[in-house]
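J.: This structure is in structure tokens; I'll ask about it shortly.
The values are calculated or read from the model by the stated rules, or taken from the named source; none is laboratory data. The structure presented is a predicted model; accordingly, all values stated were derived computationally and were not measured. Counting neighbours? That spans all protein chains shown, and the Cβs are built from the backbone with ideal geometry, glycine included. For the accessible areas, the whole protein counts, side chains as well, though only heavy atoms, and no ligand, DNA or RNA atoms are used. Shrake-Rupley method; radii C 1.70, N 1.55, O 1.52, S 1.80 Å.
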Amino acid sequence: MSMFARFQTLQRALNEFRISRESNTLDVEIDARLGFFAQLNWCLYILAYCEDHRLHPRIRLIGAQYAATPNRDWFHDFFDEREANERASLSRGAPNNSKGAGLSIQHINETSFASSYASSMTIERAHQLFTMRYSIKPHIETYVNDFVAQEMSSGATIGVHYRGTDKKAEAEPVDRSRCLQSVIHYASDHPEVKRVFLSSDDRGFIDWFSEEAKGTLSVISHPDEERSSDALPVHTNPRGDGYRKGFEALVNCLLLSRCVALIRTASFLSGWSSVFNPRLPITLLNEPYAHTCWFPDRELIRQSNNRYR
């Protein structure tokens, strides 16, 4: 066992002791250097634990990638807590103790939450856990609604998400032309499809696809400021605006969730489109490797319409 793994095991034991004390809340602060939706996955496991143990969760995400200022809780820059459900969770017979257990971690493996809930998490439960507790910030919801009304309201729109930078370490890369052919195949079966909403971390893919699809499909994309033009992943690049990175990641995910169907490559971002909209038809063009097959793609493999692969 590596020194890092031993450290996580020790931290897990200490944290188990901290949360074993009687309380009605669980405070978790996470200072991680992972992607936006990878950290939202961790939130799901915390929420599942709290639901099972009748605890009120208080989650703070303070990693530097998406924070407007150092140590800022960026999670609540994007999501609001649903107060009615907070009051309900506190009145379901939990012990009357105002002092909550508090954890400060850098990785979810410093707790037992992922090992307890990751393998059994489903798209439907993830949707229920997250949306019952949190709502999208109103200004972001309005922004997404306005974009849909202006760009996606005339005829059906198919969504495409192409992860073009660092995901090759976790799944077999997909050739650009294969992605285009999958979209053309889908559109030929669904003549109501008039446009493609294209989302990618790779600026070159956006430009290439838009040029190749000319005369066949109308292509739209969100005007992201934080796209990669050098094959380096956006979320680990210290340059750029942290809040803007998070805003664009969430907006693209939500816009993909509003399409009539989604053709995508392995990614937490487009996987979470199905968490926000569990009824979204998807085609997953590649599957994560066995050792990196995490939720939600682990579940979505079984839902993929492989006709368009």
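J.: May I ask you to derive the FRET efficiency for His291 and Ala38 from their Cβ-Cβ distance with R0 = 25 Å, giving the value to the nearest 0.05? Don't jump to the answer; show the numbers that get you there.
T.: Working: r = 15 Å, r/R0 = 0.62.
After rounding to 0.05, the efficiency reads 0.95.
J.: What list of ³J(HN,Hα) couplings, whole Hz, do you get for segment 299-309 from phi and the Karplus terms 6.51, -1.76, 1.60, once you set θ to phi - 60° and write x for glycine and proline?
T.: Values, residue by residue: 7, 6, 3, 6, 9, 5, 8, 7, 4, 9, 6 Hz.
J.: Right, another one. List the residues, sorted by chain then number, that are 5 or more residues from Ser221 or on another chain and whose placed amide H is less than 5 Å from its amide H.
T.: Excluding prolines and chain starts, which carry no amide H, the hits are Leu198.
J.: Roughly how many percent of the accessible protein surface of segment 114-219 is carbon and sulfur, given a 1.4 Å probe and a whole-percent answer?
T.: Numbers: 2420 of 4910 Å².
On segment 114-219, the fraction of accessible area on carbon and sulfur atoms equals 49 percent.
J.: For Lys194, list the aspartates and glutamates whose Cα falls under 20 Å from its own Cα; do not include residues on the same chain fewer than 8 positions away.
T.: Qualifying aspartates and glutamates at Cα under 20 Å: Asp146, Glu151, Asp207, Glu211, Glu212.
J.: On to the next question. Please list 3J(HN,Hα) in residue order for segment 196-209, calculated via the Karplus relation 6.51 cos²θ - 1.76 cosθ + 1.60 where θ = phi - 60°; whole Hz, with x for glycine and proline.
T.: So the Karplus estimates, Gly and Pro as x, are 10, 9, 9, 10, 6, 7, 9, 4, x, 5, 4, 5, 5, 4 Hz.
J.: Quick one: net charge around His139, please, counting Lys, Arg +1 and Asp, Glu -1 for every other residue with C-beta under 15 Å from its C-beta.
T.: So the surrounding residues net to -3.
J.: Would you please give the residues with an amide H less than 5 Å from that of Asp27, counting only those at least 5 places away or on a separate chain, with H modeled from the backbone geometry?
T.: Arg58, Ala101, Gly102, Leu103
J.: Follow-up question, since we're still on this one. With θ set to phi - 60° and the Karplus curve 6.51 cos²θ - 1.76 cosθ + 1.60, what are the ³J(HN,Hα) couplings of segment 281-287 in order, to the nearest whole Hz, using x for Gly and Pro?
T.: x, 10, 10, 9, 6, 9, 10
J.: Once amide H atoms are placed 1.01 Å from N in the peptide plane, what residues at a sequence separation of 5 or more from Thr283, or on another chain, have their amide H within under 5 Å of its amide H?
T.: Hits under the 5 Å cutoff: Leu262, Ile263, Arg264, Asn305.
J.: Going through segment 173-214, which GluC sites (Glu not before Pro) have at most 12 other Cβ atoms within 10 Å and a DSSP loop state? Could the numbers behind the result be given before it?
T.: Values: sites: Glu192, Glu211, Glu212; in loops: Glu192.
Within segment 173-214, the qualifying GluC sites (Glu not before Pro) (loop, at most 12 other Cβ atoms within 10 Å) are Glu192.
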